[in-house]
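The values are calculated or read from the model by the stated rules, or taken from the named source; none is laboratory data. Bear in mind the structure is a predicted one, so any value in this text is a computation, not a measurement. As a convention, Cβ positions derive from the backbone with ideal geometry for all residues, glycine included, and neighbour counts pool all protein chains shown.
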Amino acid sequence: MPDFWFFLEVLVGGLLSGTMYALVALGFVLIYKASSVFNFAQGAMVFFAVLSFVGFMELGLPFWAALPVTVGLMILVGMGTERFVLRPLVNQSEDTLLMATIGLAFVIEGVAQLAWGVDVRRLDLGIRDEPINWVMDKTGMLVSQLDVTAALVAGIMVAALALLFSHTKVGRGLRAVADDHAAALSIGIPLKHIWMLVWATAGVVALVAGMLWGARSGVQFALVWVALKALPVLIIGGFTSVPGVILAGLIVGAIEKIGEVFIGPYVGGGIEGWSPYMLAVLFLLIRPEGLFGEKIIRRV
Amino acid sequence: MNVSVAPAVDRSAAVQAAAQPPVLAVKNIEVIYNHVILVLRGVSLEVPQGKIVALLGGNGAGKSTTLKSISTLLASERGAVTKGSIEFRGQRTDQLTPGELVGMGLVQVMEGRHCFGHLTAEENLITGAYARSIGRAQLREELDRIYAYFPRLKVRRSSLAGYTSGGEQQMIAIGRAMMAKPSMLLLDEPSMGLAPQIVAEIFEIVRDLNQKEGVSILLAEQNTNVALKYADYGYILESGRIMLDGPAKALAENKDVKEFYLGMSSEGRKSFRDMKSYRRRKRWV
Ligand SMILES: Nc1ncnc2c1ncn2[C@@H]1O[C@H](COP(=O)(O)OP(=O)(O)OP(=O)(O)O)[C@@H](O)[C@H]1O
Ligand SMILES: [Mg+2]
């Protein structure tokens, strides 16, 4: 097999897994843009969402019933978080809100395990983590079916959200709130509704991300740490930029795979773990607002 | 010290004012930020139906604080009205949210314009009608109504507001507020940072809105000269107190106002430094 095809294979694999980082990061960005809350609990929500989904299936619900039930549950969790944790803290400093979401993360993780147990589950979406045959025949590249499906689902999700934001009244309201809270308040956009919508959406995004990750690497507590991979993605993409984190997710996915395969052997491996953070630190030094993020301006 | 400069007031106007209660009545309010910083020390003012009232004063006098007390935007800045009351159309506003007041017809245009930079000029205008449930056709109609007042915005309708000029942003902010169909506007320093011709253009439109839409206006301004030219009545605020009030014409002719706020005196223009030291002396004596 020529080297070129092998490089491409690694790159594609990286990009595909990158879409999932982007999806997790997207949940953060939505909430951060609309309410300046850094939602530390996003990882916990991912875990809770997919664990609940698998739990409902174990209770005997078929896939197509478990999905809407879990979507409903995540909407409730998102809205409840906004209503009972964040709204009482409105006008507090960003640090206070961050602390609240750290606490919330532990609560959600605890509740998830209490309700559904601590065992590692398998999530079978009926798609194998196996190479697509015709790609292999044509080019010799090994491209996983599961990765491609995950990327497609993530892509559809992002496109749907983009349409929601650009073409609906609430979407316009949401962008207005993200741009300028005070101005939105002054013309009577109901911030509370917008915040609830954002949290509910973040809950659903968490479910989709959790299902894709869970199908790949099992439904387990370690999913919480996937959220930590979202941190470098956020730094690189910029906390306030949806296109930024999508691109950054792809970059992080590609860099870690390429680093692992081509540079790893020379330095003894393990690059996959730390290369995204290296890149993030570089960005912090050179371009702290991220790829497309706005310059950080404290609003009064 | 409270110099009253109400000379021979027009009788019929006085009778009319007595017959019709003011749209807005601020009664002796005291405002404290962060529980400790006392900023307003007993401010009272009234805005009669359909009039333009100017609230004048230098940096930090408390103009914005007064407007934010009225619109209740103050609450989100850790400020609170600790004494006195504010009534809009006879109803106390202290328990209301900014959104509820918008619904009742009171909208503030904040200092510094605050456009939604990533939304187009037209989208900015549309968000002004967010709280009203109107259909597409009516929305279109309302947009055209606003464009008639601000023809420049029609040209710039699809530009991102963040990339429009300062004057255009001010127009977007005022137009956006008008999309809520208010009966009263609170305008906070619409002249800020704008060239004189643009300021004049904007004030002409504001007067137009006042006359054709019948919207009452409370206008906070540092630009005393322009504000008194367009206002019917004026209040002068200093260090959180109303120092002077009267019909705009009388204020513009007043010796103290000329000296302190219009930069003139009987000996002609005084230097800024003279004015400042004189002010300082006056305050401390
Ligand atoms: N959020 C706040 N917290 C604490 N103090 C504040 C706050 N906002 C304003 N102040 C103080 O209150 C005083 C009045 O401010 P305000 O903004 O009302 O003045 P202003 O007349 O609008 O001035 P300018 O013409 O500069 O806009 C100032 O001394 C200011 O420092
Ligand atoms: Mg001000």
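Here are the numbers:
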item	result
Lone qualifier among B:G162, B:G193, B:G135 - being within 16 Å of ligand 1 (Cβ to nearest atom), at pLDDT below 95 and not charged (D, E, K, R)	B:G193
Residue that is nearest to the other protein chains (Cβ to nearest Cβ) [pool: residues in the stretch B:209-236 that are away from ligand 1 (no atom under 16 Å from the Cβ) and in contact with a Pro (Cβ under 8 Å, 6 or more places away or on another chain)]	B:V215
Any hit, the stretch B:93-116, residues being among the charged types (D, E, K, R), more than 14 Å from A:A184 (Cα to Cα) and at the interface with chain A (Cβ under 9 Å from one of its Cβ atoms)	no
Filtered residues of the stretch B:39-65 (kept if away from every other protein chain (no Cβ under 14 Å), within 7 Å of ligand 1 (Cβ to nearest atom) and of a type in the set (S, T, Y))	none
Residue check, A:A34 more than 23 Å from A:M211 (Cα to Cα) and crowded, with 18+ Cβ neighbours inside 10 Å	yes
Filter result (on the phi > 0 side of the Ramachandran plot and more than 12 Å from ligand 2 (Cβ to nearest atom)) within the stretch B:187-212	B:G193
Failed item, numbered, when A:R175 is tested on (1) surrounded by 15 or more Cβ atoms within 10 Å (Cβ to Cβ); (2) within 14 Å of another protein chain (Cβ to nearest Cβ); (3) in contact (Cβ under 8 Å) with a residue 60 or more places away in the chain; (4) under 20 Å from A:I246 (Cβ atoms)	(3)
Test result for B:E122, crowded, with 18+ Cβ neighbours inside 10 Å, among the acidic types (D, E) and more than 9 Å from chain A (Cβ to nearest Cβ)	yes
Any hit, the stretch A:126-135, residues being aliphatic (A, V, I, L, M), in contact (Cβ under 8 Å) with a residue 60 or more places away in the chain and away from chain B (no Cβ under 14 Å)	yes
Test: residue in the stretch A:153-167 that is of a type in the set (S, T, N, Q) and under 30 Å from A:V120 (Cβ atoms)	no
Within the stretch B:72-103, tally of residues that are within 16 Å of ligand 2 (Cβ to nearest atom), surrounded by 19 or more Cβ atoms within 10 Å (Cβ to Cβ) and not aliphatic (A, V, I, L, M)	1
Check on B:Y130, out of contact with any strand residue (DSSP E or B) (no Cβ under 6 Å at 6 or more places or on another chain), among the hydroxyl-bearing types (S, T, Y), part of a helix (DSSP H, G or I) and away from ligand 1 (no atom under 16 Å from the Cβ)	no
Verdict on B:G99 being away from ligand 1 (no atom under 16 Å from the Cβ), part of a helix (DSSP H, G or I) and either on the phi > 0 side of the Ramachandran plot or not charged (D, E, K, R) (or both)	yes
Exclusive hit being surrounded by fewer than 12 Cβ atoms within 10 Å (Cβ to Cβ) and at pLDDT 85 or above, set A:A105, A:A115	A:A115
Matching entry among A:I235, A:I187 (being of a type in the set (A, V, I, L, M, F, W, C), in contact with a strand residue (DSSP E or B) (Cβ under 7 Å, 6 or more places away or on another chain) and crowded, with 24+ Cβ neighbours inside 10 Å)	A:I187
Given (1) more than 13 Å from ligand 2 (Cβ to nearest atom); (2) modelled with pLDDT of 95 or more; (3) out of contact with any Cys (no Cβ under 7 Å at 6 or more places or on another chain), index of the condition B:N124 fails	(3)
Qualifying residue in the stretch A:221-230 (condition: at pLDDT below 90 and either more than 29 Å from A:V111 (Cβ to Cβ) or of a type in the set (K, R) (or both))	yes
Yes/no for A:S52 being surrounded by fewer than 20 Cβ atoms within 10 Å (Cβ to Cβ) and either out of contact with any Gly (no Cβ under 7 Å at 6 or more places or on another chain) or within 30 Å of B:A75 (Cβ to Cβ) (or both)	no
Filter result (closer than 20 Å to B:P182 by Cα and among the hydroxyl-bearing types (S, T, Y)) within the stretch A:178-205	A:S186
Criterion (out of contact with any Gly (no Cβ under 7 Å at 6 or more places or on another chain), within 11 Å of chain A (Cβ to nearest Cβ) and surrounded by 14 or more Cβ atoms within 10 Å (Cβ to Cβ)) met by exactly one of B:L160, B:L139	B:L139
